[in-house]
Amino acid sequence: MITVENLHRHFGGFHAVDGASLTIAEGSITGLIGPNGAGKSTLFNVIAGRLPPTSGRVLMDGEDVTGLPPHELFKKGLLRTFQIAHEFPSMTVRENLMMVPPAQSGETLWNAWFGRRAIRDEEAKLLARADEVLDFLTISHLRDEKAGNLSGGQKKLLELGRTMMVDAKIVFLDEVGAGVNRTLLNTIGDAITRLNKERGYTFCVIEHDMDFIGKLCDPVIVMAEGKVLAEGEAAHIMENEAVIEAYLGT
Ligand code: ADP
Ligand code: MG
């Protein structure tokens, strides 16, 4: 579904992504691991259109999408979440979900809120969808809570929920488990699995918790120093000499 070809992203003389090539198969939950500073988030930023690459290409279903802006990729069903959650703190959880722009109509949500009858139907649909998403994520009880009051883990769940407000095809999750307790991490893992199995979402997941990655992801891609070091099943990959060395920082 996604092919990254010899991608480079330099910051001045620093090669954050340094010739990375990889593929993410349709229907997979692909893990992306590697030491801090390996270039994982930068790779996501380039794939998701937040940063132009220095060179190289990104293909989606065979089409060159290199450098397309995030909203164009969004229309194609490519979504991402951030290492640091991007919620609207003073809005409720449900309102946060509803802030995702409707994919089909050109209407902005502001129009949907303040506009005419026809548009009010759109709002009703968004509301229903938001409630469905909350139910799916088992956080209906947080519906009217201000997003700023959520725990770190709940914010991660909310971010995942925002990707469910549209018909996403592929979702990139950056450090989905960072600062999340075990129970909530399991909830996130379950939600990812169900979205994958029931709705056909493809995922690429950056996460440091190897237990989580091992249970959830196949294959796992390992990055170090801007390059792809290895790819394979989680259990095998952690026995790979080069991977062990990268983690030991030699
Ligand atoms: P990871 O997500 O694997 O921890 P990042 O992609 O965030 O790694 O960062 C890779 C390297 O690129 C790091 O050394 C980081 O300091 C550097 N880097 C990331 N973004 C920028 C930027 N905007 N300007 C300069 N250096 C950056
Ligand atoms: Mg990162």
Exercise for review: Just rank 167, 209, 190, fewest to most, by other beta-carbon atoms within 10 angstrom.
Suggested key: 167, 190, 209
Exercise for review: Sum up the charges of everything whose Cβ sits under 10 Å from the Cβ of residue 26, counting Lys and Arg as +1 and Asp and Glu as -1, but leave residue 26 out.
Suggested key: 0
**Study point:** Table column - 3J(HN,Hα) (Hz), the stretch 65-74, Karplus curve with 6.51, -1.76, 1.60, x for Gly and Pro
**Key:** 10, 4, x, 5, x, x, 6, 6, 5, 4
Point to revise | Karplus-derived HN-Hα couplings along the stretch 176-193 (A = 6.51, B = -1.76, C = 1.60, θ = phi - 60°), whole Hz, x at Gly and Pro | key: 5, x, 4, x, 10, 6, 4, 4, 5, 4, 5, 4, 5, x, 4, 4, 4, 4
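State whether the stretch 1-65 is rounded, prolate or oblate according to the following rule on the C-alpha gyration tensor (a ≥ b ≥ c being the square roots of its eigenvalues): a/c under 1.5 gives rounded; otherwise a/b larger than b/c gives prolate, and the remaining case gives oblate.
Cα axes put the stretch 1-65 in the oblate bin.
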Point to revise | 10, 86, 71 arranged by Cβ crowding within 10 Å, fewest neighbours leading | key: 71, 86, 10
Review point. Among 224, 124, 234, which one shows the biggest mean-square fluctuation in a GNM of the chain, springs joining Cα atoms closer than 10 Å?
Key: 124
Practice item. Considering the options 32, 88, 189, tell which one lies farthest towards the positive end of the dipole of the chain, charges being +1 on Lys and Arg and -1 on Asp and Glu at the Cβ, about the Cα centre. Key: 88
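Mind putting a number on the dipole of the chain about its Cα centre? Charges go on the C-beta only, +1 for Lys and Arg and -1 for Asp and Glu, and I need it in Debye to the nearest 20.
That gives a dipole near 800 debye.
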Exercise for review: Note the direction-averaged projected area, equal to a quarter of the hull surface, for the Cα convex hull of the chain, in nm².
Suggested key: 13.8
Check your understanding: Between 224, 178, 98, whose Cα lies farthest towards the positive end of the dipole of the chain when Lys and Arg beta carbons carry +1 and Asp and Glu beta carbons carry -1, centred on the Cα centre?
Key -> 98
Practice item. Could you list 28, 90, 41, 140 in order of exposure, starting from the residue whose Cβ has the fewest other Cβ atoms within 10 Å? Key: 90, 140, 28, 41
Study note, to complete from the structure: Once normalised by the length of the chain, the mean sequence separation of its alpha carbon contacts under 8 Å that are 6 or more apart gives a contact order in percent of 27
Check your understanding: If you count the DSSP beta bridges with both ends in the chain, what percent of them are antiparallel, to the nearest 5?
Key -> 60
Check your understanding: Taking the chain as a Gaussian network, Cα atoms linked when under 10 Å apart, which of 162, 94, 129 shows the biggest mean-square fluctuation?
Key -> 129
**Study point:** Contact order relative to length of the stretch 1-56, as percent, for alpha carbon pairs under 8 angstrom and 6 or more apart
**Key:** 41
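All of the numbers you see were taken from the coordinates with simple rules; none came from a lab. Just so you know, these numbers come straight off a predicted model, no measurement behind them. Every residue, glycine among them, receives a Cβ derived from its backbone with ideal geometry; neighbour counts consider all protein chains shown.
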